[in-house]
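Please treat every number below as a calculation from the coordinates, not as lab data. This is a predicted model, so every value here is computed, not measured. Counting neighbours? That spans all protein chains shown, and the Cβs are built from the backbone with ideal geometry, glycine included.
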Amino acid sequence: MAVRRVAPLNQELLSPAIQNGVPRAVKYWEIIADNLSKGGWSWGCVSTVDSDGRTIFVADTHRGDGQRFIVRAEEKLTAFVELESVIRACGELS
């Protein structure tokens with residue numbers, strides 16, 4: 001199991017999408033999460049407050065073969081970008 005702490009990205013970027021024929025903003029973490037799901041990964045994300053009063057996000061992804069990655073970051077987008085990065089580096093996501 002790999003656990004990494006990463007620095008935050010400066011902004012939560014948005015991308016346009018269409019839902020029921022109406023454009024809506026999609027956050028990039030949602031796109032990454034969708035790609036993880038399409039790649040056979042189950043994922044989850046929670047936010048909590050650490051002992052110093054800071055909000056942190058913990059995101060994890062795993063699949064049936066026992067592979068699992070857990071990331072802790074100060075922003076949700078940062079956590080998902082790091083998950084995607086480590087999975088791609090292992091050659092497990094196209």
Neighbour-count order for Phe80, Phe57, Phe69, fewest beta carbons within 10 angstrom listed first: Phe57, Phe69, Phe80
Neighbour-count ranking [beta-carbon atoms within 10 angstrom, fewest first] of Ser42, Ser94, Ser85: Ser94, Ser42, Ser85
Could you please rank Thr61, Thr48, placing first whichever residue has the fewest other Cβ atoms within 10 Å of its Cβ? Thr48, Thr61
